[in-house]
Amino acid sequence: MNKIIPVTLLTGYLGSGKTTLVNYVLNNQKGYKVAVIVNDIGEVNIDASLIQKGGVVNQTDDSLVPLQNGCICCTLKVDLMKQIVDIAKTGKFDYILIEASGICEPIPIAQTISAISSDAKSYGLPEICRLDNVVSVVDALRLATEFGCGSYLEKEVEEEDIENLIIQQIEFCNLIVLNKVDEIKPEELKEVKAVIRKLQPKAEIIETNYGKVDIGKILDTKSFNLDEVASSAGWIQELENDESMEEHDEEDEDHDNEHHEHDEDEGHEHHSHHHHEGGETEEYGIGTFVYYRRAPFNRARFEDFASKFPRDTIIRSKGILWFSNEPEIGYVFEQAGSQIQAYESGQWIASAPRHERKQLLKENPDVAKDWDETYGDRMIKLVFIGKNMDKKHIIETLDKCLDK
């Protein structure tokens, strides 16, 4: 009978405590035969050496597989797949624990592991593994320092990469191990958890020190679902909440024409607060809001806004937008800490030829429902998550970037 090996993926930034957690798991396996894949970016695999020094495995033991000189989220994807297959073929292990490099993005790794099973199914082959758990190890002290007090710690990569990676690792997981909680004050811990909850409202949070966690929360949990985790980030939840409130508004209001004219004149001001002030609760000044408009941004004015982006108060923002000088193309806007980018997401249905547009709207009833006579499906919809944000100023500044 073919044995499907569960896989746990551990992510977390440099120094968060991943290796300490791995050693703790290996010393408390509770009957599991665990193979460990360790990814380190340096020429010398420091993490693997630390695990070996823990006395659980040694250099000749094939239960430890170091993958170095690259990241398993990009350059070492194929190597990762090969190692998982090779471990499964030995028949010696019933669990695989992967410690990702501190600078790895979790989504590509999860997709790679999930692809092994889906590819096997598509070719009628037996499944080899399943992704059981994605765990983000978060340094409570670091979050208290960076996202609580606004100062930055210097590490091995650029500050903008640090913030971006920490946020991505928090957003894509089903379990957060909040490590080093004894190193911060109780009130700081509450603030850190409030930040995490805004970024990732669905994952379970376990508070710990020295990576001491119930092994049942790490191994064979059967808790990972790719679709659910991929849609669990706070900015996605805020967009979904915003859309449900829009539907509620439409059902309750009988003066749609008057309402539409008001939106055109006032810049959809009701969308900038219709659920943000009523449904939003702010703890420690940490809150969210959605900026929604139909008119496009003037590219030069928006680029000027981006160059002066209030990074000290906005932790995360993401959404869709468009520019007046390129009306056929939609863009995804993304900001995490100091890192800001906008990239093409495809063409708007409104830019398609009339006969194609009719068919596309038929195939996409949600788009048709939200169709605007002037702008079609074009819109700006940005989620902002931050601390002590001046929402009124941000909205007013963005409104000045519009080309009406």
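The values are calculated or read from the model by the stated rules, or taken from the named source; none is laboratory data. Every value quoted in this text rests on a predicted model; they were computed, and no experiment measured them. Cβ: placed from backbone, ideal geometry, glycine included. Neighbour counts: every protein chain shown. Note: areas computed on protein heavy atoms with side chains; ligands, DNA, RNA excluded. Shrake-Rupley method; radii C 1.70, N 1.55, O 1.52, S 1.80 Å.
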Could you say whether any residue in region 383-394 is open to solvent by less than 50 Å² (accessible area, probe 1.4 Å), in a helix (DSSP H, G or I) and touching a residue at least 40 places away in the same chain (Cβ under 8 Å)?
-> yes
Condition broken by Ile218, with the remaining ones in (1) closer than 28 Å to Thr288 by Cα; (2) open to solvent by less than 40 Å² (accessible area, probe 1.4 Å); (3) of a type outside the set (D, E, K, R) satisfied | (1)
Could you grab me the full set of residues in region 306-327 that are over 19 Å from Glu146 (Cα atoms) and either charged (D, E, K, R) or in contact with a helix residue (DSSP H, G or I) (Cβ under 6 Å, 6 or more places away or on another chain) (or both)?
-> Lys308, Lys318, Phe323, Asn325, Glu326
All conditions in (1) closer than 26 Å to Ala35 by Cα; (2) in contact (Cβ under 8 Å) with a residue 12 or more places away in the chain are true of Lys193 except (1)
What pairs come up if the first residue lies in region 299-315 and is free of Cβ contacts under 8 Å to residues at least 40 places away in the same chain, the second is open to solvent by 70 Å² or more (accessible area, probe 1.4 Å) and outside any helix (DSSP H, G or I), and their beta carbons are under 7 Å apart, counting only those six or more places apart or on different chains?
-> Arg299/Asn325
Select from region 345-382 the residues that are assigned to a strand (DSSP E or B) and within 30 Å of Lys198 (Cα to Cα) and list them in ascending order.
-> Ser345, Gly346, Ile380, Lys381, Leu382
Of everything in region 308-343 that's in a strand (DSSP E or B) and more than 19 Å from the chain's Cα centre (by Cα), which residue is surrounded by the most Cβ atoms within 10 Å (Cβ to Cβ)?
-> Trp322
Unmet requirement for Phe384, which otherwise passes all of (1) under 30 Å from Tyr284 (Cα atoms); (2) aromatic (Phe, Trp, Tyr); (3) more than 22 Å from the chain's Cα centre (by Cα) = (3)
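For every residue, the table says whether it meets (1) touching a Pro at 6+ places or on another chain (Cβ under 7 Å); (2) farther than 26 Å from Ile340 by Cα; (3) hydroxyl-bearing (Ser, Thr, Tyr); (4) modelled with pLDDT of 75 or more.
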position: Glu261; (1), (2), (3), (4): no, yes, no, no
position: Glu264; (1), (2), (3), (4): no, yes, no, no
position: Glu269; (1), (2), (3), (4): no, no, no, no
position: Tyr292; (1), (2), (3), (4): no, no, yes, yes
position: Phe297; (1), (2), (3), (4): no, no, no, yes
Kindly check whether there is at least one residue in region 182-194 that is more than 14 Å from Thr11 (Cβ to Cβ) and outside any helix (DSSP H, G or I).
-> yes
Members of region 384-404 that are at pLDDT 95 or above and aliphatic (A, V, I, L, M) | Ile394, Ile395, Leu398, Leu402
Filter region 112-155 for residues that are under 30 Å from Gly386 (Cβ atoms) and hydroxyl-bearing (Ser, Thr, Tyr); which is modelled with the highest pLDDT?
-> Ser136
Within region 167-197, tally of residues that are open to solvent by less than 20 Å² (accessible area, probe 1.4 Å) and under 22 Å from the mean Cα position of the chain (by Cα) | 15
Region 224-249: number of residues that are at pLDDT below 90 and in contact with a helix residue (DSSP H, G or I) (Cβ under 7 Å, 6 or more places away or on another chain) = 0
What is the number of the single condition among (1) modelled with pLDDT of 95 or more; (2) at negative phi that His355 does not meet?
-> (1)
